[in-house]
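Take a look at the structure set out below.
Computed from the coordinates by the stated procedures, all read-outs in this text should not be read as laboratory data. Predicted, not measured: the structure shown is a model, and the values here were computed from it. Positions of Cβ are generated from backbone atoms using ideal geometry, with glycine treated the same way; all protein chains shown enter the neighbour counts.
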Ligand code: KG4
Ligand code: ZN
């Protein structure tokens, strides 16, 4: 086989994104273009993503974003080997917009269509940026998902643990909202935490030490609210200190849960080539620093894409499409968008066909 050139389209949440990526025969990749148009301003007044507004915004800009991605890459539609779009999980209106556009392009250009699982795209990004070989331990931490996953191949994901209530990104977003910080909460809390005293508030670290790598974060969020109520009205410094204390608790929880997962993976007889951090929360520097150490202590290394590839983008969709196309997969034009689509329900290549 020769190099593969894929267009990737991402519209599952509040970023309208398209990118062109090359996957070489040896499994390495290059991003030729990566256009991300954030809708943050459209949703900011509501403190969160409004699905109807998101879907309409995707319709308005997606064709321009795709045209810009192709132009920036210097690749005509006819030069592509396949067209990939996120087919879920996510806000269904947006998913329909992206997947339908991809189908139209695939039909017109007579190219294979790759219906990519958004979580799988986050999971595989470190192979594009760091050429990480299988198997690896994945911490997928975004606004809607928090999972520890043993990744043994494209389409081969075994969930070791996950959150039993809020996702990590969601905990950042809710904490930010509670403290009057702007949406999205993650970057705002991280910035505020830099100016705060992490030791001022003693916040809980739920499930710490528990022998299954699960997360529970709603109690932590409630604890922040109770501390804030006790000292209201909040000064700027109070907000900084609450953010720093909250982030320190998250860092401790994540480190502890990942340690357990690394151990659990080894106990199953799988030696990870890396600990991979993926999803929007991967942009957080304090979490990255802590996981570098956890990985080293656990006899492996941390691989984490640059911040702009941790949050939603088209390059990760194009790359996941390329990885699937390289295995001979083609999802066809009849594929349906999916609001819910767990990682372990992805159809890959049966073991016997490899
Ligand atoms: O992967 P992503 O862009 O979208 C989803 O698929 O959810 O992740 C967005 C999430 C949001 O909850 C956002 O607050 C969080 O990632 N996030 C962060 C940071 N940057 C984004 N959380 C903590 N620290 C950050 N620097
Ligand atoms: Zn995402």
Ranked from highest to lowest mean number of other Cβ atoms within 10 Å per residue, what is the order of the peptides 31-38, 127-134?
31-38, 127-134
Give me the Kirkwood hydrodynamic radius of the range 114-262, using the inverse of the mean 1/r over all pairs of distinct Cα atoms, in Å to one decimal.
16.3 Å
In the chain the DSSP beta bridges are antiparallel at a rate, in percent to nearest 5, of 65 percent
Global form of the range 10-164, assessed from the alpha-carbon gyration tensor, a/c cut-off 1.5:
oblate
Average projected area [Cα convex hull, the chain], square nanometres
17.2 nm²
Given the convex hull over the Cα atoms of the range 164-252, what projected area results after averaging over all orientations, in nm²?
5.2 nm²
Mind checking which of 64, 292, 43 has the largest fluctuation in a GNM of the chain, springs on alpha carbons under 10 Å?
64
In degrees, nearest 10, the alpha-carbon axis of helix 236-267 is tilted away from the dominant principal axis of the alpha carbons of the chain by 60 degrees
From the helices alone, meaning DSSP H stretches of at least four residues, give me the mean residue ellipticity at 222 nm for the chain, per-run term -39500 (n - 2.57), in deg cm²/dmol to the nearest 500.
-14500 deg cm²/dmol
Of all DSSP beta bridges having both residues in the range 1-134, the percent classed as antiparallel (nearest 5) is 65 percent
Simple spin-label estimate for residue 191 and residue 52 in nanometres, 7 Å along Cα-Cβ
3.0 nm
Base-10 log of normalised Debye intensity for the range 226-289 (one unit scatterer per alpha-carbon) at q = 0.26 Å⁻¹
-1.12
Just check the range 68-139 against the gyration tensor rule for me: Cα atoms, a ≥ b ≥ c as the square roots of the eigenvalues, rounded for a/c under 1.5, and otherwise prolate or oblate depending on whether a/b exceeds b/c.
oblate
Burial ranking of peptide ranges 148-160, 169-181 (average Cβ count within 10 Å, highest at the top):
169-181, 148-160
Pull up the DSSP beta bridges for the range 64-166 and report the antiparallel fraction as a percent, rounded to 5.
70 percent
Between 207, 62, 242, where does the largest GNM mean-square fluctuation fall for the chain, given springs only between Cα atoms within less than 10 Å?
207
For 110-120, 307-317, ranked highest to lowest by mean beta-carbon neighbours within 10 Å, the order is 307-317, 110-120
Nearest 10 degrees, 0 to 90: helix 118-130 Cα axis against the chain principal axis:
90 degrees
Using a Gaussian network model of the chain whose springs link C-alpha atoms within less than 10 Å, name the residue from 254, 61, 189 with the highest mean-square fluctuation.
61
How tilted is helix 168-178 with respect to the longest principal axis of the chain? Cα atoms for both, answer in degrees (0 to 90, nearest 10).
50 degrees
Between the range 153-218 and the range 246-270, what's the alpha-carbon centroid distance in Å?
14 Å
